Amino acid sequence: MPSQQPQQSQASRAAARRRQRSTRLVVAVVLLAVAAAVVVAALVSSSAGLTAVAAVVALVLGAAATRITHSELMQARHDAARDRAQQAQDYRVLTEQRTEEAAAFAADMRRKIADREEALAVLERALSTAQKSAAESQLKRGQEARRADAAERGREIAERGRDDAEGRAAEAIVIVAELEAELDALRATVARSAHRSA
């Protein structure tokens with residue numbers, strides 16, 4: 001994973017710096033120990049010239065140890081600042097990726113909801129048309145029945161018309177039932193989708 005790779009490289013850099021710091025600090029401590037040993041040896045010898053040389057050597061070694069420790073401190077601060085800057089950069093990139101993913105998800109969900117709403121509107125219009133057709137067919141069937149009762153001479157023609165109207169009404173009722181079932185299923189799907197996106 002990309003997030004693990006920077007962490008591993010940071011860990012290896014930190015470990016390398018720890019080893020380097022340990023070496024630098026050991027050298028500084030050794031220099032101070034050598035300076036102390038030279039001073040002690042000069043004091044034991046009770047020689048003024050040797051004591052003066054020991055004092056100068058101790059001063060030089062102490063200054064070198066101080067310089068090594070100071071450079072170690074500066075390096076540690078520089079590395080820590082660089083690590084913080086890298087971490088901030090990594091978090092910025094991660095935040096941008098998450099923001100883009102969230103925006104893409106929101107756009108996808110809006111598109112899906114708009115598609116479902118459009119399909120729902122189409123089905124509602126089809127249902128309305130089918131209901132209107134069924135009502136008209138029912139009205140025609142009633143008119144045909146009344147005409148058949150009023151005119152016995154045209155009974156066969158009226159019966160054929162009535163049969164036709166009944167067939168259309170039955171088909172329209174079946175279509176209405178199918179459209180209502182599809183509309184109910186689509187409404188349930190839209191509700192589930194809206195519930196998931198919320």
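Just so it is clear, none of the values below were taken in a lab; they were calculated from the coordinates. Quick caveat, the model's predicted, so the values are computed rather than measured. Cβ placement follows ideal geometry from the backbone for every residue including glycine, while neighbour counts extend to all protein chains displayed.
Observations on the model:
- Peptides 77-87, 133-143 ordered by average Cβ neighbours within 10 Å, highest first: 133-143, 77-87
- Here the Debye sum runs over all C-alpha atoms of region 85-140 as equal scatterers in vacuum, and log10 of I(q)/I(0) at q = 0.18, 0.21, 0.24 Å⁻¹ comes out as -0.73, -0.81, -0.88.
- 15 Å tail of the calculated P(r), region 62-105, as % of Cα pairs: 63
- For region 94-141 versus region 77-93, the spacing of their alpha-carbon centroids is 48 Å.
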